[in-house]
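The structure under discussion appears below in the form of structure tokens.
No lab work stands behind these numbers, since they all come straight from the coordinates. This is a predicted model, so every value here is computed, not measured. Note that each Cβ is placed from the backbone with ideal geometry, even for glycine, and that neighbours are counted across all protein chains shown.
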Amino acid sequence: MSTFIQLVTRSLETGSIYALAALGIIIIFRTSSITHFAQGAMAMFNTFVVTIFYINFHMPLWMALLGGIASAFLSGFLVDFLIIRHTKKVSPVAKQIMTLGLIMVFVGVIPLFFGVEPLNLPKFFNSGEIAFLGAKISYNGLFNISFGLILMFVLFYILQKTKWGLAVRTTASNDVVARMMGVPTRKVTMAAWAIAAGLGVIAGVMNAPTTTVTPNLMDSVQLNALIACVLGGFQTFYGPVLGAYIIGIVKNLFVYYISSVWGDQLLYISILVFIVFRPHGLIGKKVIKKV
């Protein structure tokens, strides 16, 4: 039993990283009608910024993270202002290809700005752990889980209970009607890109201590976040978050109890089978447009 609890707690930490990235993807999809394939690349770039603040400027990690979030907001603003808002007449497929192009841009400038050597970023809490029903969870893991859940709860509250959240939901429902009702949709989409980039860099800083800060830092996170969006459904903001936690938990359970070699593949096959029978995901619904 203690092993199972240990796996679940570790999976919740991984799921929080996937969930933050997936939430950024779905915010962009709902407000800009674009599948944001470059979410991971932007997160990786801004995680490099955090690492440079930490190593070269000797900032505390939390202060370096604030600097990375500011950099993420700026990068999100610039991507929307310089590129996305000029694609209103571009086909949906071309928009997806443009985000793939953004991956090449962000990955390509990494050696120019940050060099080619792998960098290291520490945990928020380097030591300490608590025991729970025979299982142990580190202070850093507990912090990542708690911080991720609190951050997503705050965002969901804003989306449901505030005027800005209403503007986001109106834009997500129908941007043309939203503009006719006086909703500043351009500001909404710009803010959405900034917030998505901010969520990405937080996920990147959480993920960095498990590996090194390289251009491949967020590849696995990006893949699982996209799958979480498909699993949870693209029609809601919370569906992909639910899908991300399911992937994080089931993935580790499959790897430990079934096969350390084929665990990931079995998970993805299971999701494919599920999508065949429920193509709109766990929470998603079929959208019927009336003429």
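Note on Leu272 and Glu129: the model spin-label points, each 7 Å out from Cα along the C-beta direction, lie 3.6 nm apart.
Between Asp264 and Lys161, what is the FRET efficiency for a Förster distance of 45 Å, r being their Cβ-Cβ separation, to the nearest 0.05? It would help to have the intermediate numbers written out before the result.
Working: r = 38 Å, r/R0 = 0.85.
Computed FRET efficiency for Asp264 and Lys161: 0.75.
For region 72-85, backbone phi angles converted through the Karplus equation (6.51, -1.76, 1.60; θ = phi - 60°) give residue-by-residue couplings of 5, 4, 5, 5, x, 4, 5, 4, 5, 5, 8, 10, 5, 5 Hz, Gly and Pro being listed as x. Once R0 is set to 41 Å, what does the formula 1/(1 + (r/R0)^6) return for the Cβ-Cβ distance between Phe113 and Lys136, expressed as a FRET efficiency to the nearest 0.05? It comes to 0.55.
Within a straight-line Cα-Cα reach of under 16 Å, Lys95 can be paired with the following aspartates and glutamates, leaving aside sequence neighbours fewer than 8 residues apart in one chain: Asp80.
Calculate the dipole size of region 89-210 relative to its Cα centre from +1 charges on Lys and Arg beta carbons and -1 charges on Asp and Glu beta carbons; express the result in debye to the nearest 20. Mind showing how you got there, number by number?
On the way: 10 positive and 3 negative charges, 122 e Å.
Using only the charged Cβ atoms, the result is roughly 580 debye.
Taking label points 7 Å from Cα along the Cα-to-Cβ direction, Ile5 and Val105 give a separation of 4.9 nm.
Using the Karplus relation 6.51 cos²θ - 1.76 cosθ + 1.60 with θ = phi - 60°, the per-residue 3J(HN,Hα) values for region 109-126 come to 8, 4, x, 5, 8, 10, x, 10, 7, x, 10, 10, 10, x, 6, 5, 10, 6 Hz, with x marking Gly and Pro.
The Met181 and Leu223 beta-carbon pair, evaluated with R₀ = 35 Å, returns a calculated FRET efficiency of approximately 0.40. Peptides 229-239, 85-95, 139-149, ordered by how many other C-beta atoms sit within 10 Å of their residues on average, highest first, read 229-239, 139-149, 85-95.
Near the amide H of Phe125, within less than 5 Å, lie the amide hydrogens of Asn140, all on another chain or at least 5 residues away, with H placed in the peptide plane. Each stretch of four or more DSSP H residues adds -39500 (n - 2.57); spread over every residue of the chain, this sum gives -24000 deg cm²/dmol at 222 nm. Put simply, the amide H of Leu282, placed in the peptide plane, has neighbours under 5 Å in Gly232, Gly233, leaving out anything fewer than 5 places away on its chain.
Convert 20 °C to kelvin, take the viscosity as 1.002 mPa s, use the Kirkwood radius over C-alpha pairs of the chain as Rh, and evaluate the Stokes-Einstein diffusion coefficient in µm²/s, rounded to a whole number. Mind showing how you got there, number by number?
Numbers: Rh = 19.7 Å.
Rounded, D is 109 µm²/s.
Segment Lys88..Ser33, full-extension length gain: 18.8 nm, with 0.36 nm per residue of separation and the alpha-carbon distance subtracted. Between His280 and Leu253, the modelled label-to-label distance comes to 2.6 nm, taking each label 7 Å out from Cα in the direction of the beta carbon.
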